[in-house]
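Since every read-out is calculated from the coordinates, none of them should be taken as a lab result. Computed from a predicted structure; not experimentally measured. Virtual Cβ from ideal backbone geometry, glycine too; neighbours counted across all protein chains shown.
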Amino acid sequence: MARRTKIHVGLEIGTSKTCIVVGEVKPDSAVKILGIGVTKSAGIRKGGISDFVQARACLKDALAKAEDASDVEIGSVYLSVTGSHMQGVNNRGTFRLPDNQPNILPEHLTEVCNIARDVHYPQDHVCLHTIIRKYLVDGLEQSASPVGLFAKIVEADFHVVHGIGNRIQNSIKLVRECPMEVDDIVFAPIATAQMALDREQRQRGALLIDIGGGTTDYVLYLDGAIAASGCIPVGGDHVTNDIHLVTGLPFSKAEKLKISEGNASSDPSLSVGYAKLTDESGFADVEVKRAILNEVIRQRLEETLKLVHERLPKGAVENIGAGVFLTGGTSLMNGFSELAFDVFGRDIYRPENSSNPDSDHPSYRDPRYATAIGLIRYAQILETENTKPPGCLGKLFRLFWPFGR
Amino acid sequence: MISYSRDSRDSHESIPASAVKIIGLGGAGANMLERIALDSMEGAELLALNTDVRTLVSCLAKDKIQLGVNLTKGLGTGGDPELGHQAMLEAENAVRAALVGQRIVFLCAGLGGGTGSGAAPIVARIAREEGAFVVVFATMPFFFEGRRRREQAETSLNQLTVLSNALVTFDNNRMGELVLAKQGIHEAFGAADRMISESIKAVIRLVIRPGLINVGLDDLMSALRTTRSRCLFGSGIADGKDRASKALRNALSSPLLDQGALLKEAQTVLVHLCGGESLTLFEIELLMGSLQKHVPETAHVLFGAAIDPAMGENLSITLISALPEDSLSVGSRASTSQIPEPTANSETKEPALLVIEPAFQEIEQNAEAPTAIETMTPKQPLEEASSATDGSENHPDPLAETIVRSGPNPEIGVETAALFQQSERGEPSRSEPETPKKEDRPFAEFTTTESTVGIMPEPDPHEKVSHDPFIFGNQPKHRAPDKPLWGKSGPPSKAGSEDSDPSVKDITPPSPPARKAPATQLKLDPKFPNPQSELPFDSAPKGRFEGENPNVFDGEDLDLPPFLRKKKS
């Protein structure tokens, strides 16, 4: 039993915080969070490393905290990456079967997948994920592998995520210097979706928006398959910065004001009077008109959501059946659901641990850790996918193994 | 100050449109011609040649000649080059008549078939015999068309290599890169035709429209110097705030450039910029700066710029270069050094020169007849030739250039000067082969006087000076056309590169360089504020995102609060 319990570690180096989550995947594929290590990030701007030394110090701190909390020595992590350079594109590969070959062989499928994966991206970019969306056999959709079917033409739809190789390399370098190994790199929203969306929601169509400190990552699932993903380099930092620029308050005060007093909904009744902050000594420190504060916040977030909306494929929003799922620290902003509803006109959710009700760790429910926890889910899925079919001995062993696969 | 009209000069120095002919030969040629006609290319006449009368009738070209009236009786050649050959010979006189007096002939043909492969070499020969500069655009057949067609195409290509001045081959097998895999074959062919049409258009634009910094046929020749070459061609157009980088990006995204990767091996790159009145020096600097990253440092960059009011806010950039076919797999390109004697070329090109030269000289004289001094140029005594005069002549050049220009339009003059410095950097190697040649035709004589005169804003002497470079034109392939086509800037770049030659410098009389510097300085000053127009963009405070790369999406800087942005608008 112990042999089959695996510990995975998810690492998210975010703009506002560096977060390590240690999770234990049990043989029945339940995930138990053993510990979380979080530090405020420094040296990260808009999802990219701007000060390597500071970022490394933060990572080391988070690592120490996580090891402390979970009592696990962390040797390797799953790393989530993001940044405005990341792009997700859909591509379809078409392969016409040879004339004398009426049904699809595995090598045909390999061929069509290779064609579909061959997306034209800039030279400095590297491909991060190639995710199969669906196969088409003579134009008919086929969600499972079509090997063996009779067909003339087999097509494969792929979603390919690519980003600038050097920036991703730098993130890996940062982790390696800690020193830890990187098991795999995952585009942040895809990891988040593993945790935030369950199979049914993906089937019905769901849009996940992860608004973090420096970036807004999104991923759209339609019919159970990923339909779009990407990153917009705007996040909570921008909201703070806007407040700073408009009102002239220092960053720390602007940040406090944003969290405690800000409201993103356009409800005019919330925009009456003044928002005040008092410092420890009791002095009335800051006074800002609520109308201005809320308007600044609302316009920024509205614009961000609209940018996401624009970048989704045409007509996709109408096909979202399950709704829009918001995660990330900024999604905690008051009135954000209302604003998101105004933009998308769909049901709005902030994920409340929908997929794993068995965890009792309080922070597990926090959308701020969604990505790091999602990484563990991702690792778990990857693990099951990559498990090779057991050999002779393994089969024999399985026969007597009482705990399913 | 003598007034100085640019328009009149334009008309004199450019090749008249009537002297450019585009020939579409065979079925593939007709398709390309059609695309060209659809793009409503100005400044060129279209001529369709075909054996198949049905295709010919439906062709949009103004002039049509049916080949092999008696031989094939209006049918095609059925893929037999011998038949195409015979049919062409039959119509030789008619074709010759159509080509009389043409300066440049573009021959578009699809090799591999009967008419294309069989007739193309003859058409090229006739055009050459009529004294035209022949650029052949040939498409090579697909692999799946079989070995026989491939061989026919190769044979024809080998002949064309010898017969044409420049040969650009588009391999149909690379067509797949032009379009997505799922797009129709129609679009694939259409895209290939469009690419050829664009290339021709760019070439014509280069050759016909005189530029501020001119690139002419000679530059084009050296960019396409290698025979059996694959043409690297990219053209991009963009407007808006960072149009310079956008245009370059568009240009580099051409499949023939392989995202700019192929430029890494190029030895000679021709860059031509065309923009509206709002084209700024800053933009050009920016663009050339980023282009430098894509071409090797040692590359010979032939730079040209033109102002075309019709471009409005747009900025277009055209990149032309060539790689020999073999170097696409091997990397080395030793054979394409700057000296125009790569083994294969020497025979090919020498005759070319002979043919072209008279033509150009004619144009030269036409062009310069209006100015008295100009006509003197050819009469300059050879005895004056000496390295000393050479040097002195070269120095005033750029300066004089500036001043000449500054008469009618100081801004342009400055731009030219600055730009030329840029291009000068790009082509240091060029001076070597040319220096000796200069000595056989030196008008250097006036330069001694000019070095003093040149600084004064009298147009006439400068006119002279700026044409000096014809001296260098002895390498006719490069230089001769400079003169006919508004050679203003071509020459200075030569001269400039010689500036750097220390031996020349030593002998130079001290006065010209000394005076030159301040003059240029003066001219440059008023122009410099131009880049400042970018300032407002950055001027708004960005708080913690200060000093970072602009975070621009859809023309909006996302680092600025929408609250402030929206208020403004």
Between B:H186 and A:S266, Cβ-based FRET efficiency (R0 41 Å, step 0.05) works out to 0.20
Give, as a single signed number, the net charge of other residues whose beta carbon lies under 10 Å from the beta carbon of A:G224, with Lys and Arg counted +1 and Asp and Glu -1.
-> +3
Looking at this model, which pairs from A:K258/A:K306; A:K134/A:K314; A:K314/B:K201; A:K256/B:K542 are more than 27 angstrom apart at the alpha-carbon?
-> A:K314/B:K201
The answer for the net charge of residues other than A:A66 whose Cβ lies under 12 angstrom from its Cβ, with Lys and Arg +1 and Asp and Glu -1, is -4
If R0 = 35 Å, then B:T155 and B:A310, at their Cβ-Cβ distance, give a FRET efficiency to the nearest 0.05 of 0.20
Given 0.36 nm per residue, what is the gain on full extension from A:T5 to A:R96 after removing their alpha carbon distance, in nm?
-> 28.3 nm
Counting every C-alpha pair in the stretch A:205-350, the percent lying more than 19 Å apart is 51 percent
Round to the nearest 10 and give me the degree value, 0 to 90, for the angle of helix A:165-176's Cα axis relative to the longest principal axis of chain A.
-> 80 degrees
With label points built 7 Å along Cα→Cβ from the Cα atoms of A:E141 and A:D68, find their separation and express it in nm.
-> 5.0 nm
Output field shielding_mean for A:239-249 (other chain Cβ, 10 Å radius) holds 4
Of the peptides A:258-264, A:95-101, B:118-124, B:28-34, how do they stack up when ordered by the mean number of other Cβ atoms within 10 Å, highest first?
-> B:118-124, B:28-34, A:258-264, A:95-101
Pair A:I132, B:V57: separation of 7 Å Cα→Cβ label points (nm) = 5.5 nm
Over the whole of A:295-307, what's the average partner chain Cβ count within 10 Å per residue? Rounded to a whole number, please.
-> 3
The residues B:L220, A:L136, B:L252, sorted from fewest to most surrounding Cβ atoms within 10 Å, come out as A:L136, B:L252, B:L220
Per residue of A:228-234, how many C-beta atoms from partner chains lie within 10 Å of its own C-beta, taken as a mean?
-> 2
What FRET efficiency would be calculated for the residue pair B:E297, A:A57, taking the C-beta separation as r and a Förster radius of 56 Å, to the nearest 0.05?
-> 0.90
Check B:L212: other-chain or 5+ apart residues with amide H under 5 Å from its amide H, H built from backbone geometry?
-> B:A305, B:A306, B:I307
Once you sort the root eigenvalues of the Cα gyration tensor of the stretch A:1-160 as a ≥ b ≥ c, which label holds: rounded (a/c under 1.5), prolate (a/b larger than b/c) or oblate (the other case)?
-> oblate
Just rank B:M221, B:M140, fewest to most, by other beta-carbon atoms within 10 angstrom.
-> B:M140, B:M221
If B:T72, A:T327, A:T247 are placed from fewest to most neighbouring beta carbons inside 10 Å, the sequence is A:T247, B:T72, A:T327
Taking a point 7 angstrom from the Cα of B:F142 along the C-beta vector, which residues in the stretch A:93-128 have backbone N less than 14 Å away?
-> A:96
So how tilted is helix A:52-70 from the main axis of chain A? Cα-based, degrees 0 to 90, rounded to 10.
-> 80 degrees
Place the peptides A:229-235, B:157-163, B:63-69 in order of packing, highest mean first, counting for every residue the other Cβ atoms within 10 Å and averaging per peptide.
-> A:229-235, B:63-69, B:157-163
